[in-house]
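This report refers to the structure that appears directly beneath it.
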Amino acid sequence: MTPLLAALRAAVGAEQVLTEGDLSAYELDWRKRFRGRALAVVRPGDTAQVAKVLRACAAHGASVVPQGGNTGLVGGGVPDASGTQVLLSLTRLNRVRAIDRANLTLTAEAGLLLPLSLAAEGSCTIGGNLATNAGGTQVLRYGNAREQCLGLEVVTADGQVWDGLSGLRKDNTGYDLRDLFIGSEGTLGIITAATLKLQPRPAATGTALAATASLQQCVALLALAQARLGAGLTGFEVMNRFSLDLVARHFPALPQPMARSAWTVLLEQSDSEGDAQARARFESLLEVAIEAGYIDDAVVAESLAQSRSLWHLRESIPLAQSQEGPNIKHDISLPVSAIADFVARTDAALAQAFPGMRLVNFGHLGDGNLHYNVQAPEGVPGQQFLDQHEHAVNTLVYDAVCARGGSISAEHGVGALKREELWLRKSPVALQMMRAIKQALDPHGRLNPGRVL
């Protein structure tokens, strides 16, 4: 591999080709489930250098694993254990290239932050979010990463550069290559820049917690909120009691302003009107919900600091669960109308099959996406439970999801973690078309091998 390393150093500079020292920040995934060993970590500084790296790897037959902020949850952005793969870190591609105020667009490189609202927003990158079609807490209003992107710049497997950075909202000149690369997890090309939609800043926002006794009531509250707030409903998150119990256990300094109930809803509205009108509309919604019996209690944030505190509760759940120990994660989506039945029946089936297991159930009810995670019984080592029961738990949960027309991956992607499940649950026709696309764009299988397909 010495000639390849020499070519990589010539492409990006010797100081940006890392081969020695502690590379765990690149070789170990966020959940610490997947650890690999890279031939080299290469940190290009612009698109031309990315293209040179891809051409060098193609010439020497080396596979490439692209990586943004390394915040993925499915093992899609770290190398394997062979020591032969090139880890392509894109964090140095961090320039804003253009802002078009009249067109409401921003063109930025892949290593910057994307204006999505999600737990990893402090460290995830535009390229990584687009590669996985990330979601988050504001999908209800603004859509996934795909809906926020108008154009891409992509380096192909053989080192060519496709400039598709158009800011056009209408362009029907052939196949939509942009949407092909978004969500492909670096298996078809390397996203180096994107043109993103901008949104007007809301004149007012409102945030509230609401206590409910059942998930059916959460669904009823969602319908009421959509009817009364319309497009102003920006976020609608649900958290079961145990998820907030974990936050209280591991982050006792965080205030929880209401007694914990079976389910807690976090609502947010964004309004183009002033604070007084927006707050009146928001409080009216909560009053109607209480009168209808959908919620038992509610707390409305009185300031931006209080709003951030309420969101901090929700965003601390993944960290609290990590502190509790290894767990079996499910990032699933279902029709909203099917969620209450799915949770009731699947909770019961899991409790019968795995006595004492604990469910950390939270997520984006507004768009049908739950993080339906199974924690080991109290006193049982989490890794032991995962090693013994992960396959059986996954089978039970995914069977229930698919029986209701749902998806086994809503926003985290497939990566290495769910690759076999995808083969089992995706239709043969869909898999055949996906393989044909992969073969056409990466015939030698060098881009992020072992992921998705």
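Readers should treat all values here as calculations from the given coordinates under stated rules, not as data from a laboratory. The shown structure was predicted, so the numbers you read here are calculated from the model rather than taken from an experiment. Note: ideal-geometry Cβ built from the backbone for every residue, glycine included; neighbour counts use all protein chains shown.
Which residues does a label at residue 98 reach in region 142-184, if reach means a backbone N under 17 Å from a point 7 Å past the Cα toward the Cβ?
Counting only backbone N, you get 149-154, 162-171.
Long-range amide H contacts for residue 72: which residues qualify at under 5 Å (H placed 1.01 Å from N, peptide plane, sequence gap of 5 or more or a different chain)?
Answer set, sorted by chain and number: 30.
Assuming R0 = 22 Å, what is the FRET efficiency of residue 276 and residue 305, from their Cβ-Cβ distance, to the nearest 0.05?
The pair residue 276/residue 305 has a calculated efficiency of 0.65.
Dipole of region 96-197, Cα-centred, from +1 at each Lys and Arg C-beta and -1 at each Asp and Glu C-beta, to the nearest 20 debye? Walk me through the numbers before you get to the answer.
Details: 8 positive and 11 negative charges, 82 e Å.
Roughly 400 debye, rounded to the nearest 20.
Region 349-363 to region 317-333: how many Å between their Cα centroids?
That distance is 13 Å.
If one computes the Cα centroid of region 128-171 and of region 173-200, what distance in Å separates the two points?
Comparing the Cα centres of region 128-171 and region 173-200, I get a distance of 3 Å.
On a full-extension model of 0.36 nm per residue, what is the gain between residue 420 and residue 25, subtracting their alpha-carbon distance, rounded to one decimal in nm?
So the chain would gain 139.5 nm between residue 420 and residue 25.
Sort out for me the Cα centre separation of region 1-77 from region 81-103, rounded to whole Å.
Taking the Cα centre of region 81-103 as reference, the centre of region 1-77 is 12 Å away.
For region 2-92, what is the charge dipole size about the Cα centre, in debye to the nearest 20, if Lys and Arg each add +1 at the Cβ and Asp and Glu each add -1 at the Cβ?
Working: 10 positive and 7 negative charges, 30 e Å.
Charge dipole, region 2-92, about its Cα centre: 140 debye, nearest 20.
Return the sequence-ordered ³J(HN,Hα) values of region 279-286 in whole Hz as given by the Karplus equation 6.51 cos²θ - 1.76 cosθ + 1.60 applied to θ = phi - 60°, using x for Gly and Pro.
5, 4, 5, 5, 5, 4, 4, 5
Just need the relative contact order of the chain here, percent rounded to a whole number, with Cα pairs under 8 Å and 6+ apart.
Rounded, it is 16 percent for the chain.
Per residue of region 59-68, in order, report the coupling 6.51 cos²θ - 1.76 cosθ + 1.60 (Karplus, θ = phi - 60°) as ³J(HN,Hα) in whole Hz, putting x for Gly and Pro.
5, 9, x, 9, 7, 10, 10, x, 9, x
Please list the non-local residues whose amide H lies under 5 Å from the amide H of residue 134, H modeled 1.01 Å from N, same-chain partners needing a gap of 5 or more.
145
Projected onto the charge dipole of the chain (+1 at Lys/Arg Cβ, -1 at Asp/Glu Cβ, origin at the Cα centre), which of 253, 368, 449 gives the Cα projection farthest towards the positive end?
449
Explain nothing, just the number: dipole magnitude of region 204-318 about its Cα centre with +1 on each Lys and Arg Cβ and -1 on each Asp and Glu Cβ, in debye rounded to the nearest 20.
So the magnitude is around 340 debye.
Starting from 0.36 nm per residue, how many nanometres of slack lie between residue 32 and residue 345 once their C-alpha separation is accounted for?
Result: 109.6 nm gained on full extension.
Which whole-number percent is the relative contact order of region 325-414 (Cα, under 8 Å, 6+ apart)?
Values: 131 pairs, mean separation 40.8, N = 90.
In percent, rounded to a whole number, it is 45.
Could you tell me which of rounded, prolate or oblate describes region 137-193, using a ≥ b ≥ c as the square roots of the eigenvalues of the alpha-carbon gyration tensor, with rounded for a/c under 1.5 and, failing that, prolate when a/b is larger than b/c and oblate otherwise?
Because a/c hits 1.5 or more and a/b fails to exceed b/c, region 137-193 counts as oblate.
Considering the options 79, 4, 403, tell which one lies farthest towards the positive end of the dipole of the chain, charges being +1 on Lys and Arg and -1 on Asp and Glu at the Cβ, about the Cα centre.
Result: 4.
If you plug each phi of region 402-408 into the Karplus form 6.51 cos²θ - 1.76 cosθ + 1.60 with θ = phi - 60°, what whole-Hz ³J(HN,Hα) values come out, in order, with x for Gly and Pro?
5, 5, 9, x, x, 10, 7
How large is the translational diffusion coefficient of region 259-358 in µm² per second when you combine the Kirkwood radius over alpha carbon pairs with Stokes-Einstein at 37 °C and 0.692 mPa s? Walk me through the numbers on the way to the answer.
On the way: Rh = 17.0 Å.
Reported coefficient: 194 µm²/s.
Under the √(5λ) rule applied to the eigenvalues of the Cα gyration tensor, what semi-axes describe the equivalent ellipsoid of the chain? Give them in Å, descending.
Each semi-axis is √(5λ); the values are 38, 27, 20 Å.
Tell me which of 337, 285, 211 sits at the most positive position along the dipole axis of the chain, charges placed on C-beta atoms (Lys, Arg +1; Asp, Glu -1).
337
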